[in-house]
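Engineer: Take this structure, written in structure tokens, and hold onto it; I'll ask about it next.
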Amino acid sequence: MAEQTNGSQKISAFNPVGFPPKIAPKPMAPRLDGLDGKTIYLVDPRFDDSGLFLRQVQDWFAARMPSVNTKLVEMSSVYTKDDPKTWEMIKANGDGAIIGVGH
């Protein structure tokens, strides 16, 4: 925004510095002893090409670790939105999850 004052120009500027939101960090889940016979959810967060990437991960498991049951699921919204229903389903039916981001 600029305004004229006695032949000189006065300029106002806004500070573009933002402040990140406060977060409560969560610890990582405990590591599984192994994957044999486990169900691992491959979670597509709907980020660029993440579904394509996770299908490749699923194929890798099928070829190299066939005893691992993989289930590919897509989040109900985009990766910036929480998806409590998906997390509850995974907790109830799975042993672990991989959240994939592709590009």
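The values are calculated or read from the model by the stated rules, or taken from the named source; none is laboratory data. The model shown is predicted, which means the values in this text are computed figures rather than measured ones. Counting neighbours? That spans all protein chains shown, and the Cβs are built from the backbone with ideal geometry, glycine included. In case anyone asks, the SASA skips ligands and DNA or RNA and just uses the protein heavy atoms, side chains included. Shrake-Rupley method; radii C 1.70, N 1.55, O 1.52, S 1.80 Å.
Engineer: Can you put Val78, Val73 in order of accessible area, largest first, using a 1.4 Å probe?
Structural biologist: Heavy-atom accessible area, descending, gives Val78, Val73.
Engineer: Follow-up. Quick check: at a probe of 1.4 Å, how many percent of the accessible area of the chain sits on carbon and sulfur atoms?
Structural biologist: The C+S portion of the solvent-accessible surface of the chain is 56 percent.
Engineer: For helix 84-93, report the angle its Cα long axis makes with the longest principal axis of the Cα atoms of the chain; keep it between 0 and 90° and round to the nearest 10°.
Structural biologist: In the chain, helix 84-93 runs at an angle near 20 degrees to the longest axis.
Engineer: Using a 1.4 angstrom probe and counting only protein chains, how large is the accessible area of Asp36 in Å², to 10?
Structural biologist: About 120 Å², ignoring ligands and nucleic acids.
Engineer: Provide, for q = 0.15 Å⁻¹, the log10 of I(q)/I(0) from a solvent-free Debye sum over equal Cα point scatterers in the chain.
Structural biologist: With one equal scatterer per Cα and no solvent, log10 I(q)/I(0) is -0.73.
Engineer: I've got another one for you. Using helices alone, I'd like the mean residue ellipticity at 222 nm for the chain: each DSSP H run of four-plus residues gives -39500 (n - 2.57), total over residue count, nearest 500.
Structural biologist: So the calculated ellipticity at 222 nm is -7500 deg cm²/dmol.
Engineer: In addition: Any idea what angle helix 50-64 forms with the longest principal axis of the chain, computed on alpha-carbon atoms, 0 to 90 degrees, nearest 10?
Structural biologist: For helix 50-64, the angle is close to 20 degrees.
Engineer: Please work out the average accessible area per residue across the range 21-76, using the 1.4 Å probe convention, and give it in Å².
Structural biologist: So the range 21-76 comes to 75 Å² accessible per residue, rounded to a whole number.
Engineer: Right, something else. Pop a pseudo-label 7 angstrom from the Cα along the beta-carbon direction at both Ala29 and Ser67 and give the gap in nm to one decimal.
Structural biologist: 2.0
Engineer: Please report, in debye to the nearest 20, how large the charge dipole of the chain is about its Cα centre when each Lys and Arg carries +1 at its beta carbon and each Asp and Glu carries -1 there.
Structural biologist: My answer is approximately 220 debye.
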